[in-house]
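Beneath this line is the structure, given in structure tokens, with notes to follow.
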Amino acid sequence: MKKVLNALIEILFFFYRPIFYLLVIIDTTILGILTITLSFFDPTGNTIHYIGVFWSRLNLFLSGVRVRVHNREYIKKDQPYIVMMNHQSHYDVWAAIGYIPLQLRWVMKMELRKIPIFGLGCERMGHIYIDRGDSHQARESLKAAGEKIRNGASVVFFPEGTRSPDGKLLPFKKGGFVIAIESRVPILPITGLGSRAILPKGSMAIRPGTIDLIIHPPIEVTGYTQENKEELMEKVRAVIQSKLVL
């Protein structure tokens, strides 16, 4: 019976997917224009951040995706964090923005800035673009991330740098750890589960499902320097890995 039900859902979503992507284009356009307009009255981005929350939850709902957040009690109110999360799918972004109760700012690849309305909307909301092919610009982007933290926002890094094709953790990049040590802000590790089954890397075939976000106790960066940041990287990696089920 379960196989029949899964086959029926797959057939229904085959016909629904084009409608879903059209709905995403429409709601992104409308909410993007609203974000750009209201950003002139909200220079911090703290209020229009909630447009992003609504946008994320709306698209998760339209996808038939449920998000469960575990261990919210580890997040302290008014405490900024460097959020580190494994990356399996584009849906990780919607899940985190929609359901992690923090003022989140993302470090995003520069190519996304070129998307009409969306790119400018994200910039006006306070997200940070980084050009990985330009080392000087990349350093400036990381400085901007540090400034966001000093203003009370939490900055999100996918330390793998890209989506994992098989769900296994890829090697971590150093940028987020450099910022954490320089800003003396704790790292909040999060293990994301389930998003790869909804939309794996290289596919457009979304499926309904459940994403679990497992929040771990914050990791203090006191005692770490740029010289021993690899130890911090391994510690964060081990924590995220501890709940990663493949």
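From the residues in the stretch 77-87 that are part of a loop (DSSP other than H, G, I, E, B) and closer than 14 Å to residue 187 by Cβ, which one is most open to solvent (accessible area, probe 1.4 Å)?
To start, the set of residues in the stretch 77-87 that are part of a loop (DSSP other than H, G, I, E, B) comprises 77-81, 86-87.
Retained after the next criterion (residues that are closer than 14 Å to residue 187 by Cβ): 79-81, 86.
Numbers: 79: 63, 80: 24, 81: 3, 86: 4 Å².
Among them, the one singled out is 79.
Out of the residues in the stretch 27-38 meeting the condition of being within 21 Å of the chain's Cα centre (by Cα) and among the polar types (S, T, N, Q), tell me which one is most open to solvent (accessible area, probe 1.4 Å). Working first, answer last.
Here is the first cut: in the stretch 27-38, the ones within 21 Å of the chain's Cα centre (by Cα) are 27-29, 31-32, 35-36.
When the remaining residues are screened for being among the polar types (S, T, N, Q), the result is 28-29, 35.
Working: 28: 27, 29: 52, 35: 5 Å².
This residue is 29.
Specify the residue that is least open to solvent (accessible area, probe 1.4 Å); the eligible residues are those in the stretch 214-246 that are among the basic types (Lys, Arg) and within 12 Å of residue 180 (Cβ to Cβ).
At the first step, the residues of the stretch 214-246 found to be among the basic types (Lys, Arg) are 229, 235, 237, 243.
Now drop any that are not within 12 Å of residue 180 (Cβ to Cβ), which leaves 229, 235.
Values: 229: 26, 235: 95 Å².
This residue is 229.
Being open to solvent by less than 20 Å² (accessible area, probe 1.4 Å) and assigned to a loop (DSSP other than H, G, I, E, B) is the filter; apply it to the stretch 88-101 and report the residue that is farthest from residue 190 (Cα to Cα).
The residue in question is 89.
Return the only residue of 196, 124, 132 being among the charged types (D, E, K, R) and crowded, with 20+ Cβ neighbours inside 10 Å.
Working: 124 fails: crowded, with 20+ Cβ neighbours inside 10 Å; 132 fails: crowded, with 20+ Cβ neighbours inside 10 Å.
Criteria check complete, one pass: 196.
Determine, yes or no, whether residue 66 is among the basic types (Lys, Arg) and touching a Gly at 6+ places or on another chain (Cβ under 8 Å). Reasoning before the result, please.
Numbers: among the basic types (Lys, Arg): yes; touching a Gly at 6+ places or on another chain (Cβ under 8 Å): yes.
Yes.
Do you know which residues across the stretch 135-152 are open to solvent by less than 70 Å² (accessible area, probe 1.4 Å) and within 18 Å of residue 181 (Cβ to Cβ)?
Passing the criteria: 138, 141, 142, 144, 145, 146, 148, 149.
Considering only the stretch 190-232, how many residues are part of a helix (DSSP H, G or I), closer than 17 Å to residue 60 by Cβ and either in contact with a helix residue (DSSP H, G or I) (Cβ under 6 Å, 6 or more places away or on another chain) or in contact (Cβ under 8 Å) with a residue 24 or more places away in the chain (or both)? Even if it seems obvious, please write down each step before you answer.
In the first step, residues of the stretch 190-232 are kept if they are part of a helix (DSSP H, G or I); the result is 195-198, 229-232.
Those left that are additionally closer than 17 Å to residue 60 by Cβ: 195-198.
Checking the rest, the ones that are also either in contact with a helix residue (DSSP H, G or I) (Cβ under 6 Å, 6 or more places away or on another chain) or in contact (Cβ under 8 Å) with a residue 24 or more places away in the chain (or both) come to 195-196, 198.
Adding up the residues that qualify gives 3.
Exactly one of these conditions fails for residue 59: (1) part of a helix (DSSP H, G or I); (2) open to solvent by 30 Å² or more (accessible area, probe 1.4 Å). Give me its number.
All conditions are met except number (2).
Output the qualifying pairs, or none if there are none: Cβ atoms under 9 angstrom, residues six or more apart or on different chains, first residue in the stretch 78-99 and over 15 Å from residue 49 (Cβ atoms) and in contact (Cβ under 8 Å) with a residue 60 or more places away in the chain, second residue among the acidic types (Asp, Glu) and open to solvent by less than 20 Å² (accessible area, probe 1.4 Å).
Short answer, once both residue conditions are applied: 85/92; 86/92; 86/160; 87/160.
The values are calculated or read from the model by the stated rules, or taken from the named source; none is laboratory data. Remember, it's a predicted structure, so these values are computed and weren't measured experimentally. Methodologically, a virtual Cβ is constructed for each residue, glycine included, from the backbone with ideal geometry; neighbour enumeration extends over all protein chains shown. For the accessible areas, the whole protein counts, side chains as well, though only heavy atoms, and no ligand, DNA or RNA atoms are used. Shrake-Rupley method; radii C 1.70, N 1.55, O 1.52, S 1.80 Å.
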